[in-house]
Amino acid sequence: MRLPSSIFVSVSLFTAETTAALYLSSTYRSAGDQIWQGLTLLFTLVPSVLVQLTLTFIHRDLSRDRPLVLLLHILQLGPIVRCLEAFCIYGSVGCVEEPYVSITRKKQMPRGGQSEEVERQVGQAEGKLFTHRAAFARTSVIQAFLGSAPQLTLQLYICVLQRGVSIGRGTLMVISLLSIVYGALRCNILAIKIKYDDYEVDVRPVAYLCIFLWRSFEIATRVVVLVLFSSVLQLWVLPVVFLNFLIFFLYPWILFWQSHSPFPENIEKTLTRVGTTIVLCLLTFLYAGINMFCWSAVQVKLSDPDLINKSQNWYRMAVYYMLRFVENASLLLLWYIYKTDVYQFICAPLLVLQLLVAYAVAIFFMLVFYQFCHPCRRLFSSSMTQGLWDCPSLLCLACSSASPQSGPVGKAVLEPPAPNEQNQETGSDSTDDIPNDTTYDMLNDTIFDIPNEADIGTGRLNGDVGHCVSCNA
């Protein structure tokens, strides 16, 4: 059984960032900067409350008699208590005989075109640890993009205005950047585990290194670009941020309305329709927050029963990075045109070049990860380079199909699809199917369906430890 080190890292970053933010807010109060103090506290307390709600929701504490745990969550001490509980469970393994043992089946990565299915026993303690790991993986993403990312942007903006970096502010910025990168890394691993749930996924250290470098360059560049632009055009940054956030927030809902699918009702049995709507809005809110700063590895699809799009779409990823690169370049160009005397000691052209190169380096490490370091690259029906190479071909095919009469003489004219094929295309999301990167069936593991302690040994075990097929008393 693995040591719950990911839980310790998540709690350490959460505690360190909260402590540094509270200390920095006290210094702002002493200096009379009430606006900076209020915003610093806002970007600290709001994600903390969301983290407490997420832990309570995943562990289903509202339906259980645990008043002390609920009180500690109200006091914003829930992550610390959950971490201690996880380590207590890990320490008690082998000391107490397991009352229930589940048999799980996982496929190994195919070698020579064949994949073997391996059975192993999963005890109750390991199932509880899986619940804790899954909960902290989601809270790390929430903390990173709804708290640390706005916090880092705010503190860097204050540094630019005050032309200096204090020790407290610099410490908070470093911790916030590490928290964002770690949250993005957990998002990547979470996407892999969900898409390839029926396989035994082994992420190697070189893959972690590629993801870390990819996300570090991408997020740092994005934050610096937003801060530079907002420092010279304070009013125009609000429409830019609001438009970005609104597009990514409404995009999953637009696809859902176009699919004419029924309203999702399998999130939680105790939730009403209003509660389900609130949960879906929070999910799309988090999805928009992630895409504001980097590419979201977990793609939300409300028409899917699991709320997650399990197909890897190279076309959508390529469009995202091309548009984001153009947007960053445009914002840097506007900053260069309207820059003030604050940047008189900075070589502006060199800074613009460095930021664009840093974003290109992030894309390079992303390509390296998907081409060579992805743990499930053997399951890809096509490599990433081939998928990206097909993107211009798809665009040309769409243009030629839109104007079939404008083709050169001697070329065959595209025939319209058959009636049955046309009906099938209008009833599905064509964007998600071009090009589809995997042809394997995935198990139904919804992002919210996490087993709790009461489910272990009763046949409700999914996710990293697979589906329970038998239980031995």
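The values are calculated or read from the model by the stated rules, or taken from the named source; none is laboratory data. Bear in mind that the values here come from a model prediction, so they are computed numbers and not experimental data. So basically every Cβ, Gly included, is an ideal-geometry build from the backbone, and we count neighbours across all protein chains shown. The accessibility values were calculated without ligands, DNA or RNA, using every heavy atom of the protein model including side chains. Shrake-Rupley method; radii C 1.70, N 1.55, O 1.52, S 1.80 Å.
Of all residues in region 160-173, those satisfying the criterion of being assigned to a helix (DSSP H, G or I) and open to solvent by 10 Å² or more (accessible area, probe 1.4 Å) are 160, 161, 162, 167, 168, 169, 170, 171, 173. Taking residues in region 1-20 that are over 14 Å from residue 41 (Cα atoms), and partners anywhere that are open to solvent by less than 30 Å² (accessible area, probe 1.4 Å) and among the charged types (D, E, K, R), the pairs with Cβ atoms closer than 8 Å and at least 6 places apart or on different chains are 7/82; 11/82.
For region 309-327, a residue qualifies if it is buried (at least 21 other Cβ atoms within 10 Å of the Cβ) and more than 16 Å from residue 366 (Cα to Cα), and the qualifying residues are 309, 310. Scanning region 208-247 for residues that are small (Gly, Ala, Ser) and surrounded by 21 or more Cβ atoms within 10 Å (Cβ to Cβ) turns up just one, 230.
Between 40, 19, 54, 44, the distinction of being polar (S, T, N, Q), at pLDDT 85 or above and open to solvent by 50 Å² or more (accessible area, probe 1.4 Å) belongs to 19 only. In the condition set (1) of a type outside the set (Ser, Thr, Tyr); (2) modelled with pLDDT under 90; (3) surrounded by fewer than 24 Cβ atoms within 10 Å (Cβ to Cβ), residue 195 is compliant with all but (3). Residue 71 passes every criterion in (1) touching a residue at least 40 places away in the same chain (Cβ under 8 Å); (2) part of a helix (DSSP H, G or I); (3) open to solvent by 60 Å² or more (accessible area, probe 1.4 Å); (4) within 16 Å of residue 85 (Cβ to Cβ) apart from (1).
Right, residue 262: over 19 Å from residue 323 (Cβ atoms), more than 23 Å from the chain's Cα centre (by Cα) and open to solvent by 40 Å² or more (accessible area, probe 1.4 Å) or not? It is true that residue 262 is over 19 Å from residue 323 (Cβ atoms), more than 23 Å from the chain's Cα centre (by Cα) and open to solvent by 40 Å² or more (accessible area, probe 1.4 Å).
Considering the conditions (1) aromatic (Phe, Trp, Tyr); (2) within 25 Å of residue 232 (Cβ to Cβ); (3) surrounded by 24 or more Cβ atoms within 10 Å (Cβ to Cβ), residue 145 is excluded by exactly one of them, (2). Looking across region 57-68, the residues that are open to solvent by less than 70 Å² (accessible area, probe 1.4 Å) and either part of a helix (DSSP H, G or I) or in contact with a Ser or Thr (Cβ under 7 Å, 6 or more places away or on another chain) (or both) come down to 57, 58, 59, 61. Residues in region 343-361 that are open to solvent by 80 Å² or more (accessible area, probe 1.4 Å) and within 26 Å of residue 209 (Cα to Cα) were compared, and the one that is nearest to the chain's Cα centre (by Cα) is 354.
Residue-wise test of (1) in contact with a Gly (Cβ under 7 Å, 6 or more places away or on another chain); (2) within 17 Å of residue 138 (Cα to Cα).
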| position | (1), (2) |
| --- | --- |
| 57 | no, yes |
| 65 | no, no |
| 68 | no, no |
| 72 | yes, no |
| 75 | no, no |
| 84 | no, no |
| 87 | no, no |
| 90 | no, no |
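Scanning region 328-341 for residues that are open to solvent by less than 50 Å² (accessible area, probe 1.4 Å) and not polar (S, T, N, Q), we see that the one that is farthest from residue 238 (Cα to Cα) is 329. Condition check for residue 280 on (1) open to solvent by less than 10 Å² (accessible area, probe 1.4 Å); (2) within 14 Å of the chain's Cα centre (by Cα); (3) without any contact (Cβ under 8 Å) to a residue 40 or more places away in the chain: one failure, at (2).
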